[in-house]
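The values are calculated or read from the model by the stated rules, or taken from the named source; none is laboratory data. Just so it is clear, the model here is predicted, and its values are computed rather than measured. Glycine also receives a Cβ, built like all others from the backbone with ideal geometry; neighbour counts cover every protein chain displayed. Keep in mind that these areas ignore ligands, DNA and RNA; they rest on the heavy atoms of the full protein, side chains included. Shrake-Rupley method; radii C 1.70, N 1.55, O 1.52, S 1.80 Å.
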Amino acid sequence: RSETLLADMATGRVGAPRNFNEWVGWKNRDRGMAQLMNEPLWTDEYAAGEIINGLAAGTPTYSEDFSQVTIPLREGVYWSDGTEFTADDVVFTIDKIKATEGLNYNVQLQEVASATAADKYTVVVTLTKPNSRFHAYFLDRWGCLWIMPKHVFEKVEDILTFEYNPPLSLGPYVLHSYDDAGFWTAWERREDWAKTPTGMLYGEPHPKYVVFKNYTDVASKVMDQSRHELDTT
């Protein structure tokens, strides 16, 4: 218990607890996927009033007519299976989503004319029409367009039915276990947490484990809080 943070899951019981393919429909990201597993290119930090660079190493650079955007990526970031995160992952994600009807952001990415890797850590996106806010699709405000691991998804025949379990992580925690009924999901701190944007920016996360729990009624939640079996809601 001293190594575990217990948190409330705001959006309720997970309907498909085995399925972590968050590029197809809603997958209860608040069970730890958004907080612990995913890393966006940028995060809009409302409390501090600033944009935090995550997978991106800096702000996007637009051409004078806003028809092209260049994205610098953070170096030294690794997926939880030990594969390095590079521009190829971002380019693959854009191309795959644009080409696959039914995926989240498929409609929005139709404005992409091309996406290329200028080098290992630089992505260049050319648009079909000017858009000075194209990068906002990758800006986390309460979810955003997350990056796929190319080396996993390029082998998937039908991405629309793929459950993506176990999922790879770019964040400081990796999936530990989950309840088949969808009432809780547990995460474990990565041994290589320093190879994640969160680890690079803020250091080692304190809890070794984080468990997100769903409560069917307020009374149960209050009782757990009083017994120190719930740390945050």
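Between Asp8 and Lys213, Thr232, Thr233, the built amide H atoms are under 5 Å apart, and every one of these is 5 or more places off in sequence or on another chain. Evaluating kT/(6 pi eta Rh) at 20 °C and 1.002 mPa s, with the Kirkwood radius of the chain over Cα pairs in the Stokes-Einstein relation, gives 115 µm² s⁻¹. Simple point charges give the picture: +1 on the Cβ of Lys and Arg, -1 on the Cβ of Asp and Glu, and for the chain a dipole about the Cα centre of about 300 debye. From the alpha carbon centroid of segment 89-109 to that of segment 17-55 is 17 Å. Before I look further, what does the chain give for accessible area per residue, probe 1.4 Å, in whole square angstrom? Per-residue accessible area for the chain comes out at 48 Å².
The calculated Kirkwood hydrodynamic radius for segment 141-233 is 15.9 Å, given to one decimal from all distinct C-alpha pairs. The alpha-carbon of Lys129 sits under 19 angstrom from the alpha-carbons of these aspartates and glutamates, leaving out residues fewer than 8 places away in its chain: Glu64, Asp65, Asp95, Glu111.
Between the helical axis of 87-99 and the longest alpha-carbon principal axis of the chain there is an angle of about 90 degrees.
Within the accessible area of segment 8-95, the carbon and sulfur atoms contribute 47%, probe 1.4 Å, all protein chains present. Full extension of the segment from Asn106 to Glu3, taken as 0.36 nm per residue of separation minus the current Cα-Cα distance, would add 33.0 nm. Distance between the 7 Å Cα→Cβ label points at Tyr202 and Asp119: 3.1 nm. Within the full protein context, the accessible area of His176 is estimated at about 100 Å² for a probe radius of 1.4 Å.
Each of the peptides 58-69, 194-205, 215-226 was scored by the mean count of other Cβ atoms within 10 Å over its residues; in descending order, highest first, they stand as 194-205, 58-69, 215-226. Which entries of Lys98/Lys150; Lys27/Lys155; Lys96/Lys150; Lys120/Lys155; Lys150/Lys208; Lys27/Lys208 have Cα-Cα distances beyond 19 Å here? Result: Lys27/Lys155; Lys120/Lys155; Lys150/Lys208; Lys27/Lys208 exceed 19 Å. Classify segment 161-214 as rounded, prolate or oblate from the Cα gyration tensor: take a ≥ b ≥ c as the square roots of its eigenvalues, call it rounded if a/c is under 1.5, otherwise prolate when a/b beats b/c and oblate if not. Cα axes put segment 161-214 in the oblate bin. If R0 equals 25 Å, the separation of the Cβ atoms of Thr128 and Glu45 corresponds to a calculated FRET efficiency of about 0.20. Here the accessible area of segment 106-215 is 52 percent carbon and sulfur, with a 1.4 angstrom probe and all protein chains present.
Under the convention that each Lys and Arg Cβ holds +1 and each Asp and Glu Cβ holds -1, the size of the dipole of segment 126-183 around its Cα centre is about 520 debye.
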